[in-house]
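Quick notes on the structure that follows.
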Amino acid sequence: MVRIQLEILIKAPIEICFESARDIELHSKTVWKHTKERAIAGVTTGKIGEGQSVTFEAIHFGIKQKLTAKVVEYRRPYVFVDEMQQGAFKYMRHTHLFEESREGTVVKDILDFASPLGMLGRAFDLLVLERYMRAFVAYRQKKLKEFVESSMNNPRDFTDLM
């Protein structure tokens with residue numbers, strides 16, 4: 001199994017960061033455009049919560065894929081965890097952590113995953129997928145930061161976050 005841990009400081013209150021991170025429509029706007037990722041089943045609009053699922057459809061490595069994830073842990077506004085229920089991975093768990101700081105909120109993503117196919121899958125994880133997924137999560141963090149911080153300066157956008 002591979003573990004990716006990334007964090008970013010967002011200059012906004014913890015509640016705003018938490019609510020933004022679980023917003024399904026915002027999720028699709030903060031991932032790579034070329035993946036054409038969109039929610040197609042389960043919670044497809046608004047904010048996902050405890051026990052709820054979402055199915056995303058996206059193109060990765062030139063292949064259209066579907067991944068269904070369920071929120072299995074939820075402690076507002078500090079953590080929510082989603083786990084893959086169905087999809088290309090053998091295993092995937094994404095922990096979203098939020099910690100208050102003097103400057104705003106530290107947002108941490110911990111992504112644990114493993115590909116199927118035994119040793120072949122493990123080699124793919126280490127040679128290709130780890131770098132790909134690290135870049136994917138880092139890009140999403142950066143875009144989430146940009147959106148939240150710019151929304152803090154626009155009262156109309158700010159109310160949409162809550």
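The values are calculated or read from the model by the stated rules, or taken from the named source; none is laboratory data. Please read all numbers here as calculations on a predicted model, not as lab measurements. Quick reminder, even Gly has a Cβ in these numbers, built from the backbone with ideal geometry, and neighbours come from all protein chains shown.
Taking the criterion of being out of contact with any Phe, Trp or Tyr (no Cβ under 8 Å at 6 or more places or on another chain), touching a residue at least 60 places away in the same chain (Cβ under 8 Å) and either over 16 Å from Arg22 (Cβ atoms) or among the small types (Gly, Ala, Ser) (or both), the residues of the range 90-109 that qualify are Glu100, Ser101, Glu103, Gly104. Each residue in the range 8-34 was checked for being closer than 26 Å to Phe124 by Cβ, in contact with a helix residue (DSSP H, G or I) (Cβ under 8 Å, 6 or more places away or on another chain) and surrounded by fewer than 16 Cβ atoms within 10 Å (Cβ to Cβ), and 1 pass. Among residues of the range 53-70 that are part of a loop (DSSP other than H, G, I, E, B), those with a beta-carbon under 9 Å from a residue that is surrounded by fewer than 17 Cβ atoms within 10 Å (Cβ to Cβ) at least six positions away or on a different chain give the pairs Phe61/Val128; Phe61/Tyr132. Just one of the listed residues (Glu83, Glu15, Glu19) is of a type in the set (Asp, Glu), under 20 Å from Ala138 (Cα atoms) and touching a residue at least 60 places away in the same chain (Cβ under 8 Å), namely Glu19. Somewhere in the range 38-52, is a residue within 18 Å of Phe136 (Cβ to Cβ), of a type in the set (Val, Ile, Thr), in a strand (DSSP E or B) and modelled with pLDDT of 95 or more? Within the range 38-52, not a single residue is within 18 Å of Phe136 (Cβ to Cβ), of a type in the set (Val, Ile, Thr), in a strand (DSSP E or B) and modelled with pLDDT of 95 or more.
Those residues that are of a type outside the set (A, V, I, L, M) and surrounded by 15 or more Cβ atoms within 10 Å (Cβ to Cβ), I need them from the range 125-148; list them, please. Result: Asp125, Glu130, Arg134, Phe136, Arg140, Gln141, Lys143, Lys145, Phe147.
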